[in-house]
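> Mind having a look at this structure? Questions to follow.
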Amino acid sequence: MAKITMTVNGRQVSGQCDDRTLLVHFIRENLGLTGTHVGCDTSQCGTCVVHMDGKSVKSCSTLAAQAAGSDITTIEGLAANGELHPVQAAFKANHGLQCGFCTPGMVMTAVDMIRRHGGQLDEATVRAELEGNICRCTGYHNIVKSILAAAAEMGGARVAAE
Amino acid sequence: MYETHYHRASSIQDAVKLRQAAGEGKYLSGGMTLIPTMKQRLAAPSDLVDVRQVPEMKGISVSGRTVRIGAATTHFDVASSSELAALCPAISGLASHIGDPHVRHMGTIGGSIANNDPAADYPSAMLALDATIITDRREIAAGDFFTGLFETALEDGELVTAVTFEAPAKAGYQKFANPASRYAMTGVFVVRRDNGDVRVAVTGAGSNGVFRHEGIEAALSAQWSPDALANVTVDPSDLLSDIHADATYRANLVKVMAKRAVAAARAD
């Protein structure tokens, strides 16, 4: 058993778990944050994506112990003051989900992608960047549309603020 | 996953000490192969020694044309280094096509070469660049390091801490990715030095892991052009056959990927 302490969505949290406990199980079971999903459990589908120290990672392929001391953001940490994050709002506006199971991972991946590429994203880049996320409803078209809309919105907002 | 004991190393010395104290221990870097393998119970190390945050194993430094990449440097950091992109864009491109963005944020160059997956990208780069693999106790030439499928010259408890190489005049890497796993079904890294020396390394295809192809090297030494490979034959007898591609298919891929790699190198 290990005592793990990390920052999750801006709050310092700690919990006891086995050294072999995966980060996704720590988040879901110890912290009760069930927005992060376990899809394939074999590192391929990306439903478990969270941000660790600002970068997207697969929480099903990372030990909670590896993440100790880090800063984690999950899907629950995106919306601020009751307002959807622009990426969440874009998924809603563009019907970027069907069954919704892959959506937390898609949204976290999109936020990371937009952070790295800014408003410069094009469709081919978005599709290439979605390599590690699988939508089994095959609803990629509207997912790509949502990400491009959010990137335009966020890129635009940044320009307006400068 | 079977039970294990996690330790986080703070330095190279600390890592080696922790590993020595462990029973059936393993070093853990990004864990992008090791953790999934443990989840499938194909590996069951008693202890994991995490080296991902060891400061002296992280980062890229360039001095003249000598490049040093710390073993715990992620694929993302290799892919996004502007210094590396200016000196050896082939290795930046290689790193930017490993796995997916999430894997590239965790997976490291040291983990990849120590694992020596026969379909991994980095071993071909190390071999073609004539890189030196630095460990906690010695330096090993890439040509002596990769010894077989998932086999390396590393001794028990030996830790890869960095790799170094001289940036070449020209380098190119192209792979034919498995449509499902995206691992290289065949990948070819070509290097041409200022003095005309050429080294060509092939991953994903050899039944004994990464290897150099002397026929392609000779043809490219005579003429550095994709056309130079028109009459080169690739012997399929030592190549892998599996449900994805048989040996003759891979033999053809070796030639096609080599041509594309030279074309990519010439365009840089």
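The values are calculated or read from the model by the stated rules, or taken from the named source; none is laboratory data. Fair warning: this is a prediction, and the values are worked out from it, not measured in the lab. Ideal geometry is used to build each Cβ from the backbone, glycine not excepted, and the neighbour counts take in all protein chains shown. Areas reflect the complete protein model, heavy atoms only, side chains present, ligands, DNA and RNA absent. Shrake-Rupley method; radii C 1.70, N 1.55, O 1.52, S 1.80 Å.
> Percent antiparallel among DSSP beta bridges with both residues in the protein assembly as shown, to the nearest 5?
Numbers: 51 of 61 bridges.
Bridges in the protein assembly as shown that DSSP calls antiparallel: roughly 85 percent.
> Taking square-rooted eigenvalues a ≥ b ≥ c of the alpha carbon gyration tensor, is chain A rounded, prolate or oblate, where a/c under 1.5 means rounded and, failing that, a/b exceeding b/c means prolate?
Because a/c hits 1.5 or more and a/b exceeds b/c, chain A counts as prolate.
> Under the rule a/c < 1.5 gives rounded, and otherwise a/b versus b/c splits prolate from oblate, where does chain B land using the Cα gyration tensor?
Because a/c hits 1.5 or more and a/b exceeds b/c, chain B counts as prolate.
> Okay, next question. For B:96, A:70, give me the order by solvent-accessible area with a 1.4 Å probe, most accessible first, ignoring ligands, DNA and RNA.
B:96, A:70
> Over the protein assembly as shown, with a single point scatterer placed on each C-alpha, what log10 of the ratio I(q)/I(0) does the Debye formula yield at q = 0.07 1/Å?
-0.36
> Can you list residues whose amide H is under 5 Å from residue B:27's amide H, if they're 5+ apart or on another chain and H is modeled 1.01 Å from N?
For residue B:27, whose amide H was placed from the backbone, the distant partners under 5 Å are B:49.
> Using only atoms on other chains, find how many Cβ atoms lie within 10 Å of each Cβ of peptide A:66-79 and report the average.
Numbers: counts 11, 0, 3, 2, 1, 0, 0, 0, 0, 0, 0, 0, 0, 0.
Other-chain Cβ atoms within 10 Å of each residue's Cβ, averaged: 1.
> Compute, for the stretch B:45-120, the length of the dipole vector about the Cα centre, with Cβ point charges of +1 (Lys, Arg) and -1 (Asp, Glu) only. Units Debye, rounded to 20.
Details: 5 positive and 7 negative charges, 49 e Å.
I would put it at about 240 debye.
> Here's another thing I want to ask about it. Give the longest segment of chain B that steers clear of trypsin sites (Lys or Arg not before Pro) in DSSP loops with at most 16 neighbouring Cβ atoms within 10 Å, not counting the sites themselves.
Between exposed loop sites, the widest span is B:194-268.
> Leaving out ligands and nucleic acids, note down the accessible area per residue over the stretch A:2-77 with a 1.4 angstrom probe, in whole Å². Before the final figure, lay out each step's value.
Numbers: 2720 Å² over 76 residues.
Accessible area per residue: 36 Å².
> Among B:44, B:135, B:188, whose Cα lies farthest out toward the positive end of the dipole of the protein assembly as shown, if unit charges sit on the beta carbon of Lys, Arg (+1) and Asp, Glu (-1)?
B:188
> Enumerate by residue number the GluC sites (Glu not before Pro) in the stretch B:1-101 meeting two conditions: DSSP loop (anything except H, G, I, E, B), and at most 13 other Cβ atoms within 10 Å of the site's Cβ.
Those that pass, being in a loop and sparsely packed, are B:3, B:24.
> Which residues' amide hydrogens lie under 5 Å from the amide hydrogen of residue B:170, considering only partners 5 or more residues apart or on another chain, with H built in the peptide plane?
Excluding prolines and chain starts, which carry no amide H, the hits are B:192.
> Once you charge only the Cβ atoms, +1 for Lys and Arg and -1 for Asp and Glu, what is the size of the charge dipole of the stretch B:5-50 about its Cα centre, to the nearest 20 debye?
That gives a dipole near 100 debye.
> Something else about it: Counting only protein chains, not ligands or nucleic acids, how are B:233, A:7 ordered by accessible area (probe 1.4 Å), most first? Mind showing how you got there, number by number?
Values: B:233 115, A:7 40 Å².
Descending order: B:233, A:7.
> Could you work out how much longer the chain between residue B:96 and residue B:137 gets when fully extended? Use 0.36 nm per residue separation minus the Cα distance between them, nm to one decimal.
11.7 nm
> Let me check something: with ligands and nucleic acids excluded, how do B:146, A:91 order by accessible area (1.4 Å probe), largest to smallest?
Heavy-atom accessible area, descending, gives B:146, A:91.
> With +1 assigned to the C-beta of every Lys and Arg and -1 to the C-beta of every Asp and Glu, and no other charges, what is the dipole magnitude of the protein assembly as shown about the Cα centre in debye, to the nearest 20? Each step should come with its number before you reach the end.
Details: 38 positive and 45 negative charges, 139 e Å.
Charge dipole, the protein assembly as shown, about its Cα centre: 660 debye, nearest 20.
> Please name which of B:263, B:75, A:50 has its Cα lying farthest along the dipole of the protein assembly as shown towards the positive end, using unit charges on Cβ (Lys, Arg +1; Asp, Glu -1) and the Cα centre as origin.
Most positive-ward Cα: A:50.
> Accessible area per residue of the stretch B:170-267 at 1.4 Å probe, in Å²?
Details: 4580 Å² over 98 residues.
Heavy-atom accessible area per residue stands at 47 Å².
> Shifting gears a bit: Going by the alpha-carbon gyration tensor, a ≥ b ≥ c the square roots of its eigenvalues, is the stretch A:77-162 rounded (a/c under 1.5) or, if a/c is not under 1.5, prolate (a/b greater than b/c) versus oblate? Please list the in-between numbers first.
On the way: a/c = 1.89, a/b = 1.29, b/c = 1.47.
It comes out oblate by the Cα gyration axes.
> State the answer as a single residue: which of A:98, A:138, A:149 lies farthest towards the positive end of the charge dipole of the stretch A:86-161, with beta carbon charges of +1 for Lys and Arg and -1 for Asp and Glu, about the Cα centre.
My answer, from the dipole projection, is A:98.
> Given the stretch A:2-77, what percent of its DSSP beta bridges are antiparallel, to the nearest 5?
If I count the DSSP bridges inside the stretch A:2-77, around 90 percent turn out antiparallel.
> For the stretch B:30-48 and the stretch B:52-75, compute the distance between their C-alpha centroids and round to whole Å.
Result: 24 Å between the Cα centres.
> Going Cα to Cα from residue A:55, which lysines come in below 20 Å? Please leave out same-chain ones fewer than 8 positions away.
B:58
> Got a number for carbon plus sulfur as a percent of chain B's accessible area, 1.4 Å probe?
The computed percentage sits at 47.
> Separate question: Under the rule of at least 5 residues apart or a separate chain, name every residue whose amide H is placed under 5 Å from the amide H of residue B:211.
B:202
> Can you give the % of DSSP beta bridges in chain A that are antiparallel, to the nearest 5?
90 percent
> So what are the ³J(HN,Hα) numbers for the stretch B:10-17, from phi and the Karplus equation (6.51, -1.76, 1.60; θ = phi - 60°), rounded to whole Hz, Gly and Pro as x?
Running phi through 6.51 cos²θ - 1.76 cosθ + 1.60 with θ = phi - 60° gives 9, 8, 4, 4, 4, 4, 5, 5 Hz.
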